[in-house]
Amino acid sequence: MSHMLLRRKLRELCNSTSTLLWLEGAKHERILGVSLQGDRLIMQLANGTTRVVSFEKFAVTAVGLQFWAQGRPGVLYKWEQVPKATWATSDATAKTDTSRNGNDDDGHEPPPDVAA
């Protein structure tokens with residue numbers, strides 16, 4: 001698949017009103033912004049860090065995009081059940097509460113691992 005298709009799908013995901021998550025195995029992270037530089041996906045995480053994922057291939061799925069890096073899959077997932085506004089209203093609490101487990105889940109269960 002072409003990088004043009006990938007850029008179009010990333011733009012669509014980022015412009016949606018849904019929350020974006022990065023799923024890798026049983027771990028999930030909330031995504032605030034995404035950019036693409038060649039074969040690297042650069043994600044701004046809700047905890048204030050940046051994550052860079054180099055990938056060899058990708059696929060468009062019904063729920064977002066799946067990437068493979070060194071044979072391991074990761075999914076950029078559009079979580080439609082929780083709109084972005086829901087997370088935005090609780091950001092102040094999430095940033096100041098140090099007892100959290102780092103998942104920024106605000107009591108919501110993460111979506112099932114739907115890597116296809």
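The values are calculated or read from the model by the stated rules, or taken from the named source; none is laboratory data. Note that the structure is predicted; figures quoted are calculated from it, not measured. All Cβ positions, even for glycine, are placed from backbone atoms using ideal geometry, and neighbour counts span all protein chains on display. Side chains are part of the model used for accessible areas, which takes the heavy atoms of the whole protein and leaves out ligands, DNA and RNA. Shrake-Rupley method; radii C 1.70, N 1.55, O 1.52, S 1.80 Å.
Output the residues belonging to the range 38-83 that are charged (D, E, K, R), out of contact with any helix residue (DSSP H, G or I) (no Cβ under 6 Å at 6 or more places or on another chain) and at pLDDT 90 or above. D39, R40, R51, E56, K57, R72 - these are the residues of the range 38-83 that are charged (D, E, K, R), out of contact with any helix residue (DSSP H, G or I) (no Cβ under 6 Å at 6 or more places or on another chain) and at pLDDT 90 or above.
Scanning the range 1-47 for residues that are of a type outside the set (S, T, Y), in a loop (DSSP other than H, G, I, E, B) and touching a residue at least 40 places away in the same chain (Cβ under 8 Å) gives M1, G25, A26, A46, N47.
hydroxyl-bearing (S, T, Y), assigned to a loop (DSSP other than H, G, I, E, B) and modelled with pLDDT under 95: is that true of T86 in this structure?
Values: hydroxyl-bearing (S, T, Y): yes; assigned to a loop (DSSP other than H, G, I, E, B): no; modelled with pLDDT under 95: yes.
No; evaluated as a whole, the condition is false for this residue.
Only residues that are surrounded by fewer than 16 Cβ atoms within 10 Å (Cβ to Cβ) and more than 15 Å from E80 (Cβ to Cβ): list them for the range 1-17, please. Scanning the range 1-17 gives M1, S2, H3, M4, L5, R7, R8, R11. In a residue-by-residue description of the range 18-27, the property of being at pLDDT 90 or above, acidic (D, E), open to solvent by 70 Å² or more (accessible area, probe 1.4 Å) and closer than 23 Å to H3 by Cβ applies to no position.
How about the range 52-73: which of its residues are without any contact (Cβ under 8 Å) to a residue 40 or more places away in the chain and buried (at least 16 other Cβ atoms within 10 Å of the Cβ)? Result: V53, F55, F67, A69.
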